[in-house]
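Asks: One structure, as structure tokens, below. Some questions next.
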Amino acid sequence: MDFSILLTDIPTLLVVILGVPAALMGYIMLSEFVVRRLPDKNRPQVRPWLWVGPALFLVAAFLLFPMIGTIVQSFEDNKGSFVGLQNFGDQLGSYPGGSWIAIRNNLIFWLIFYTLFVLAFGLLLAVLFDRVPYESTVKSLIFMPMAISSVALGVIWKFMYWYQPSGEVQTGTLNALVSLLHHDPVAWLQDQWPGDLALLNNLALITAATWGITGFSMVILSAALKGIPGDLLEAARVDGAGEITIFRRVIFPLMMPTIVVVGTTLVIFALKAFDVVYVMTNGLYNSDVLALRMYNLLYLSRNNASASAVAVILLIAVIPVLIFNLRQFRAVEARR
Amino acid sequence: MSVTTAGRRESTAATYSLPWFSQQISHYAVHIVVIGLTVIWMIPTVGLLVSSFRPFSAIASTGWWTAISPPYNFTLQNYSDMLSQSNLGTAIFNSFMVAVPATIIPVTIAAFAAYAFSWMNFPGRNWIFLALVGLLAVPLQLTFIPVTTFFVHAGWTTENLEATGIPGLPWLPLWLAHAGYGMPFSIYLLSNFFRALPSDLFESAEIDGAGTLTTFFRLVLPLSVPALASLVIFQFLWVWNDLLVALIYVGGAPEVAPLTVNLANLTNSLGQGYQLLTAAAFFSMIVPLVVFLSLQRYFVRGILAGSVKG
């Protein structure tokens, strides 16, 4: 490897590291300079827009207008003429062709199992770790996968799921365990058990993704758990409630609002799933998801019209969560 | 007298011995379950780490767990092969070139905006903020086609930008895209923090004649270091670990593409050469793990601030 590139390009890095903040500081100072030249009564009208301006510009340029553009394009063919719902018809017209496999995987497998697994593991670990003195150490270890990229996560789990035909030495961790139990090795990422429903390989992908994100739900749920007043638990114990009853009747209901907030975040993650699938199966063996399908339509098929339609399907799937988030936000605002 | 005392003591022992015993068991059971789960959780990572130091012949013929007992057979061959083969120097440099400005730009701009949302009045303020909360959930997939089309039409392609010779310019599209995508969350997180600052502070600053800039740089920013730190870590890790956005905008340009794209290509192209992949995957984790381990406190705090609202 040629490390000399690092030496020759370090000046570039320095120019950027110094230049970018300088440009940003320059902007805000220039803005204030201009505002101070204005008459007193105009200042409060102009100033806020200069402070939010760059942010609104970026949001409009990279989120809002492109979003509208994609929605418009989903009703046009690749030459730009209006075709009504034809793109959606291509994606949804023939079950189980088009986008249906990806929709099923996102809206049933990922949405249900990913969300449930992550919440269940997060809650279990939060409750268990609360009872040991070395809590912060074990928490860090569980949390660590959060810091690494999904690409690295995909590589790690490819090795867990490594498969050799029956009779050969199994070098993958899971298949070695399976062989130990005198069972034939399983092709975790290809096996579409049961039948061709492809539950098994999708669950394998979901497990890998769950492993990566459980630290996130554990940390939040653990904070909520610690927010429950000790007196309350003490009172329940004095009344003779067992630990399991206390969990079911006191802890769980009190944590419910937090579980819902974490759950909605996880639903969004489940619908946006991309990296893990891209690295581990590339959507083969009926493991496709909407985000990956959109990417492949865009870059392999160069079919912008269909890709837009898939993106809009993804948006429609997210809208209930979006509305829930807005309601939640307004409820919190109202309490402020 | 003595008989009754003895009797009472006996009955006390009888009522307490069984719960005491089961308490001991459950006490140890908790430790066993906690440590067991943690060990299971670490197996995937440990397996890959061990594999990355094993020679190819050993990886292909035996499982990684056989390597942790003698005879030991470890090597750095995979790391040196990987470093010589896969253009890694460029990719690492590119990752920094993408991640550092794509962190500085959105955090700074979001801080300006969050200050305005929290402590200035302007028409439509609450509605714009509500729109930002809505945009938090919008999938980035909805933006890729128009933004790519725009970059191509505007001539902001990697070749054109490189031809200008201005340092950093080839990465500008990625910086701006990451800044735009990170903006709703950044503004949301910082506004929550800025709004919680006591209003007396701002009143006394105004009485003392401090201008908007002074208040922002001398008062708001220093008081918000914890929130800024967690946002910086978040955004940095998000960009450093991002694959999708990089694939879309610079996937075909290895001279500017970051490490994740490089690693994903390696996954797809090497096929059987997977011993190099082990080393490459670990290499890509070094920076995020260093950031995470040294600044874990802020990272966790940021997660809590971002999710548990109010």
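Asks: Given the structure, is A:Gly89 in a helix (DSSP H, G or I), surrounded by fewer than 14 Cβ atoms within 10 Å (Cβ to Cβ), small (Gly, Ala, Ser) and out of contact with any Leu (no Cβ under 9 Å at 6 or more places or on another chain)?
Replies: Values: in a helix (DSSP H, G or I): yes; surrounded by fewer than 14 Cβ atoms within 10 Å (Cβ to Cβ): yes; small (Gly, Ala, Ser): yes; out of contact with any Leu (no Cβ under 9 Å at 6 or more places or on another chain): yes.
It is true that A:Gly89 is in a helix (DSSP H, G or I), surrounded by fewer than 14 Cβ atoms within 10 Å (Cβ to Cβ), small (Gly, Ala, Ser) and out of contact with any Leu (no Cβ under 9 Å at 6 or more places or on another chain).
Asks: I've got another one for you. If the Cβ limit is 8 Å and pairs must be 6+ apart or interchain, which residue in region A:225-236 that is part of a helix (DSSP H, G or I) pairs with which residue that is surrounded by 12 or more Cβ atoms within 10 Å (Cβ to Cβ) and among the charged types (D, E, K, R)?
Replies: A:Leu225/A:Asp130; A:Lys226/A:Asp130; A:Ala236/A:Arg249
Quick grid of which residues meet (1) without any contact (Cβ under 8 Å) to a residue 12 or more places away in the chain; (2) under 21 Å from the mean Cα position of the chain (by Cα):
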residue	(1), (2)
A:Met294	no, yes
A:Tyr299	yes, no
A:Arg302	yes, no
A:Ser308	no, yes
A:Leu314	no, yes
A:Pro320	yes, yes
A:Gln328	no, yes
A:Ala334	yes, no
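Asks: Please work out which one of (1) at pLDDT 95 or above; (2) surrounded by 15 or more Cβ atoms within 10 Å (Cβ to Cβ) is the condition A:Ile68 fails and give its number.
Replies: It is condition (2) that A:Ile68 fails.
Asks: Here's a follow-up. Mind listing whichever residues of region A:97-148 are more than 13 Å from chain B (Cβ to nearest Cβ) and modelled with pLDDT under 90?
Replies: Correct list: A:Gly97, A:Gly98.
Asks: Continuing with the same structure: I'm trying to understand the selection: among the residues of region B:28-42, which are among the aromatic types (Phe, Trp, Tyr) and touching a helix residue (DSSP H, G or I) at 6+ places or on another chain (Cβ under 8 Å)?
Replies: In the first step, residues of region B:28-42 are kept if they are among the aromatic types (Phe, Trp, Tyr); the result is B:28, B:41.
Of everything in region B:28-42, just one residue is among the aromatic types (Phe, Trp, Tyr) and touching a helix residue (DSSP H, G or I) at 6+ places or on another chain (Cβ under 8 Å), namely B:Trp41.
Asks: Now for a separate question. Go over the candidates A:Leu111, A:Leu64, A:Leu119, A:Leu107 one by one and state the one that is farther than 30 Å from A:Thr214 by Cα and either without any contact (Cβ under 8 Å) to a residue 60 or more places away in the chain or assigned to a helix (DSSP H, G or I) (or both). Full working, then the answer.
Replies: Values: A:Leu111 fails: farther than 30 Å from A:Thr214 by Cα; A:Leu119 fails: farther than 30 Å from A:Thr214 by Cα; A:Leu107 fails: farther than 30 Å from A:Thr214 by Cα.
Exactly one of A:Leu111, A:Leu64, A:Leu119, A:Leu107 is farther than 30 Å from A:Thr214 by Cα and either without any contact (Cβ under 8 Å) to a residue 60 or more places away in the chain or assigned to a helix (DSSP H, G or I) (or both), namely A:Leu64.
Asks: Select from region B:92-103 the residues that are at the interface with chain A (Cβ under 7 Å from one of its Cβ atoms) and either more than 15 Å from the chain's Cα centre (by Cα) or at positive phi (or both) and list them in ascending order. Quick ask: steps written out before the conclusion?
Replies: If we filter region B:92-103 for residues that are at the interface with chain A (Cβ under 7 Å from one of its Cβ atoms), which is where we start, we get B:93, B:96-97, B:100-101.
Those that are at the interface with chain A (Cβ under 7 Å from one of its Cβ atoms) and either more than 15 Å from the chain's Cα centre (by Cα) or at positive phi (or both): B:Phe93, B:Met97, B:Pro101.
Asks: Based on this model, can you work out whether A:Ala102 counts as without any contact (Cβ under 8 Å) to a residue 12 or more places away in the chain and within 17 Å of the chain's Cα centre (by Cα)? Talk me through it step by step, then tell me what you get.
Replies: Values: without any contact (Cβ under 8 Å) to a residue 12 or more places away in the chain: no; within 17 Å of the chain's Cα centre (by Cα): yes.
It is false that A:Ala102 is without any contact (Cβ under 8 Å) to a residue 12 or more places away in the chain and within 17 Å of the chain's Cα centre (by Cα).
Asks: Return the residues of region A:286-318 that are more than 8 Å from every other protein chain (Cβ to nearest Cβ), buried (at least 18 other Cβ atoms within 10 Å of the Cβ) and of a type in the set (Ser, Thr, Tyr); say none if nothing qualifies.
Replies: Residues satisfying the conditions are A:Ser287, A:Ser306.
Asks: Starting from region B:234-250, keep only residues that are surrounded by 23 or more Cβ atoms within 10 Å (Cβ to Cβ), then list their pairs with residues that are of a type in the set (Ser, Thr, Tyr) and not in a helix (DSSP H, G or I) whose Cβ atoms are within a distance under 6 Å, requiring at least 6 positions of separation or different chains.
Replies: Between residues of region B:234-250 that are surrounded by 23 or more Cβ atoms within 10 Å (Cβ to Cβ) and residues that are of a type in the set (Ser, Thr, Tyr) and not in a helix (DSSP H, G or I), the close pairs are B:Asn241/A:Ser149.
Asks: Criterion first (in contact (Cβ under 8 Å) with a residue 40 or more places away in the chain, more than 10 Å from chain A (Cβ to nearest Cβ) and among the β-branched types (Val, Ile, Thr)) does B:Val133 satisfy it?
Replies: Details: in contact (Cβ under 8 Å) with a residue 40 or more places away in the chain: yes; more than 10 Å from chain A (Cβ to nearest Cβ): no; among the β-branched types (Val, Ile, Thr): yes.
Against the criterion (in contact (Cβ under 8 Å) with a residue 40 or more places away in the chain, more than 10 Å from chain A (Cβ to nearest Cβ) and among the β-branched types (Val, Ile, Thr)), B:Val133 does not qualify.
Asks: Something else now. Going by the structure shown, is A:Gln170 farther than 22 Å from B:Arg301 by Cβ and at the interface with another protein chain (Cβ under 9 Å from one of its Cβ atoms)? If you could, list the steps in order and put the result at the bottom.
Replies: Working: farther than 22 Å from B:Arg301 by Cβ: yes; at the interface with another protein chain (Cβ under 9 Å from one of its Cβ atoms): yes.
Judged against the criteria, A:Gln170 is a match.
Asks: Any residue in region A:71-78 that is away from chain B (no Cβ under 14 Å), within 26 Å of B:Pro146 (Cα to Cα) and either among the hydroxyl-bearing types (Ser, Thr, Tyr) or touching a strand residue (DSSP E or B) at 6+ places or on another chain (Cβ under 6 Å) (or both)? Walk me through it before giving the result.
Replies: Step one: of region A:71-78, the residues away from chain B (no Cβ under 14 Å) are none.
Checked against the condition, which is being away from chain B (no Cβ under 14 Å), within 26 Å of B:Pro146 (Cα to Cα) and either among the hydroxyl-bearing types (Ser, Thr, Tyr) or touching a strand residue (DSSP E or B) at 6+ places or on another chain (Cβ under 6 Å) (or both), region A:71-78 yields no hits at all.
Asks: Check A:Leu266 against each of (1) more than 8 Å from chain B (Cβ to nearest Cβ); (2) in contact with a Lys or Arg (Cβ under 8 Å, 6 or more places away or on another chain) and name the one condition it does not meet.
Replies: Against the list (1) more than 8 Å from chain B (Cβ to nearest Cβ); (2) in contact with a Lys or Arg (Cβ under 8 Å, 6 or more places away or on another chain), A:Leu266 comes up short only on (2).
Asks: Right, something else. How about region A:166-222: which of its residues are of a type in the set (A, V, I, L, M) and not in a helix (DSSP H, G or I)? Lay out the reasoning, then the answer.
Replies: Let us first name the residues in region A:166-222 that are of a type in the set (A, V, I, L, M), namely A:169, A:174, A:176-178, A:180-181, A:186-187, A:189, A:197-200, A:203-206, A:208-209, A:213, A:218-221.
Of everything in region A:166-222, those that are of a type in the set (A, V, I, L, M) and not in a helix (DSSP H, G or I) turn out to be A:Val169, A:Leu181, A:Val186, A:Ala187, A:Leu189, A:Leu197, A:Ala198.
Asks: If you go through region B:150-177, how many residues are touching a residue at least 40 places away in the same chain (Cβ under 8 Å), assigned to a helix (DSSP H, G or I) and within 9 Å of chain A (Cβ to nearest Cβ)?
Replies: 4
Asks: Among what's in region A:147-164 and is closer than 21 Å to B:Pro288 by Cα and not in a helix (DSSP H, G or I), pick the residue that is farthest from the chain's Cα centre (by Cα).
Replies: In this case the residue turns out to be A:Ile148.
Asks: Here are some residues: A:Leu266, A:Leu326, A:Leu271, A:Leu297. Which one is in a helix (DSSP H, G or I), over 27 Å from B:Thr267 (Cα atoms) and in contact with a helix residue (DSSP H, G or I) (Cβ under 9 Å, 6 or more places away or on another chain)? Steps first, please.
Replies: Working: A:Leu266 fails: over 27 Å from B:Thr267 (Cα atoms); A:Leu271 fails: over 27 Å from B:Thr267 (Cα atoms); A:Leu297 fails: over 27 Å from B:Thr267 (Cα atoms).
The match here is A:Leu326.
Yes/no per residue for (1) over 30 Å from B:Ile233 (Cβ atoms); (2) free of Cβ contacts under 8 Å to residues at least 24 places away in the same chain; (3) in contact with a Leu (Cβ under 7 Å, 6 or more places away or on another chain); (4) within 13 Å of chain A (Cβ to nearest Cβ):
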{"position": "B:Thr148", "(1), (2), (3), (4)": "no, no, no, yes"}
{"position": "B:Met183", "(1), (2), (3), (4)": "no, no, yes, yes"}
{"position": "B:Leu201", "(1), (2), (3), (4)": "no, yes, yes, no"}
{"position": "B:Ala205", "(1), (2), (3), (4)": "no, yes, yes, no"}
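The values are calculated or read from the model by the stated rules, or taken from the named source; none is laboratory data. The structure displayed is predicted, hence computed values, not measured ones. In this analysis, Cβ positions are derived from the backbone assuming ideal geometry, glycine residues included, and neighbour counts consider all displayed protein chains.
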